[in-house]
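Read the structure below first, then the notes.
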Amino acid sequence: KCAQPKRWKAYDGKITEMDTQYTLRARELFEIYRSISMDDIPNDERIDRLLTLRRTVKEHECKLTQEIVELIDREVDLMLREVKKCNLEGLRKRICTLFLQYVKTPKFNPEVARILKVPTDPLKLYKKVNFCHSCENYLPSTEFPVPANSRTIGRCRLCCKLDNEAQRRETFLKYKLILENLRKSEADYQDNSKIVFLVQLRDLQYMIENIWGCQSALSACSDLYDLVMVRWDKGCEWSPWNTVLLTKDEADAHLKLSNLQEAYEAAFIHRIKRKHIRAENYFAQIPVMMTFLHRSDNQANAN
């Protein structure tokens, strides 16, 4: 792979190839490795190839190259003494193995750094490897997406991707339409309503699903595309504790009422008030809503 030239496809579809100094170096090492790996060649030719290998590795002085040179000298000496080939097999395999290690070193073969995935120096791995508690694998630090405000290493990218694919997808279009209609109707009152613009989509979804049961308070209609949220008492600002979920026709009729106590039965009003209390308990956990809750309580006491 290192010895292959660089290839790219031109706009006319032709393949262009180019050799660099690194690919030429890799090709030279490849030819040397292939030559010393051959069997059944004359001793003179074998000695010439070993001397070529010796000159190549002598370009760099290190423990690895010194060991290769020592093994080459030993094999040449044994060949001159006419030692049988079967007795030299272990020595020749050792020379090939060490030279292959030489080829895999980016210092001697720069092109190999593009292919090697694991650094040759194990010390480089110690501070760059993290443990994923989800898949229980040790992975490079680049495989962990770490937010700027995070203090710990979470799951790896693959586990995050799998979790994202496994999550149940929910559509918020129905709730978004209800919230848009609610804000539009509150803006038409022109009484400086604020709470409706503080409520987020998740909050509205919680109210509809957990407090109102995804159905109209009057007819129990469960078609969310036909449901709207309106003020329970149209004289007060809309809030989670002053709202009711109805169909569009029911909402139009509800907003025309002047006295709720006379229009609805006491049991129905009591049921709506209980839903308002549940909404108050939920939104009391949100600091921004606390001021509006206190203001509503003071207004109720004054009334």
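The values are calculated or read from the model by the stated rules, or taken from the named source; none is laboratory data. Fair warning: this is a prediction, and the values are worked out from it, not measured in the lab. With ideal geometry, Cβ positions are generated from the backbone for all residues, glycine too; neighbour counts draw on all protein chains shown. In case anyone asks, the SASA skips ligands and DNA or RNA and just uses the protein heavy atoms, side chains included. Shrake-Rupley method; radii C 1.70, N 1.55, O 1.52, S 1.80 Å.
Residue count for region 229-242, restricted to those that are within 40 Å of the chain's Cα centre (by Cα) and either outside the structural domain of Glu262 (by the TED database) or open to solvent by 20 Å² or more (accessible area, probe 1.4 Å) (or both): 1.
In region 74-96, of all residues being without any contact (Cβ under 8 Å) to a residue 12 or more places away in the chain and acidic (Asp, Glu), the one that is least open to solvent (accessible area, probe 1.4 Å) corresponds to Asp77.
Among the residues of region 55-73, write down those that are open to solvent by 60 Å² or more (accessible area, probe 1.4 Å), part of a helix (DSSP H, G or I) and within 15 Å of Ile32 (Cα to Cα). The one that is open to solvent by 60 Å² or more (accessible area, probe 1.4 Å), part of a helix (DSSP H, G or I) and within 15 Å of Ile32 (Cα to Cα): Arg55. Considering only residues in region 182-239 that are among the hydroxyl-bearing types (Ser, Thr, Tyr), in a loop (DSSP other than H, G, I, E, B) and in contact with a strand residue (DSSP E or B) (Cβ under 8 Å, 6 or more places away or on another chain), the one that is modelled with the lowest pLDDT turns out to be Ser219. Taking residues in region 197-220 that are farther than 23 Å from Pro287 by Cβ and in contact (Cβ under 8 Å) with a residue 12 or more places away in the chain, and partners anywhere that are surrounded by 17 or more Cβ atoms within 10 Å (Cβ to Cβ) and among the basic types (Lys, Arg), the pairs with Cβ atoms closer than 7 Å and at least 6 places apart or on different chains are Trp212/Lys275.
Can you pull out every residue in region 243-270 that is surrounded by 18 or more Cβ atoms within 10 Å (Cβ to Cβ) and in contact with a strand residue (DSSP E or B) (Cβ under 8 Å, 6 or more places away or on another chain)? Thr243, Val244, Leu245, Leu246, Thr247, Ala251, His254 - these are the residues of region 243-270 that are surrounded by 18 or more Cβ atoms within 10 Å (Cβ to Cβ) and in contact with a strand residue (DSSP E or B) (Cβ under 8 Å, 6 or more places away or on another chain).
If you go through region 21-50 and pick out every residue that is within 16 Å of Val112 (Cβ to Cβ) and either touching a strand residue (DSSP E or B) at 6+ places or on another chain (Cβ under 6 Å) or touching a residue at least 24 places away in the same chain (Cβ under 8 Å) (or both), you end up with 10. Here Arg55, Arg94, Arg74 are screened, and the one residue that is under 46 Å from the mean Cα position of the chain (by Cα), of a type in the set (D, E, K, R) and at pLDDT 90 or above is Arg94. Among residues of region 129-164 being assigned to a helix (DSSP H, G or I) and at pLDDT 85 or above, the one that is surrounded by the most Cβ atoms within 10 Å (Cβ to Cβ) is Cys159.
Quick one: which of Glu250, Glu280, Glu265 is at pLDDT 80 or above, under 43 Å from the mean Cα position of the chain (by Cα) and assigned by the TED database to the domain that holds Leu198? When all the criteria are applied, what remains is Glu280. Do we find a residue being part of a helix (DSSP H, G or I), more than 35 Å from the chain's Cα centre (by Cα) and polar (S, T, N, Q) anywhere in region 2-20? Within region 2-20, not a single residue is part of a helix (DSSP H, G or I), more than 35 Å from the chain's Cα centre (by Cα) and polar (S, T, N, Q).
Could you look through region 214-228, keep only residues that are closer than 20 Å to Ala267 by Cβ and among the aliphatic types (A, V, I, L, M), and pick out the one that is most open to solvent (accessible area, probe 1.4 Å)? Here the answer is Leu218.
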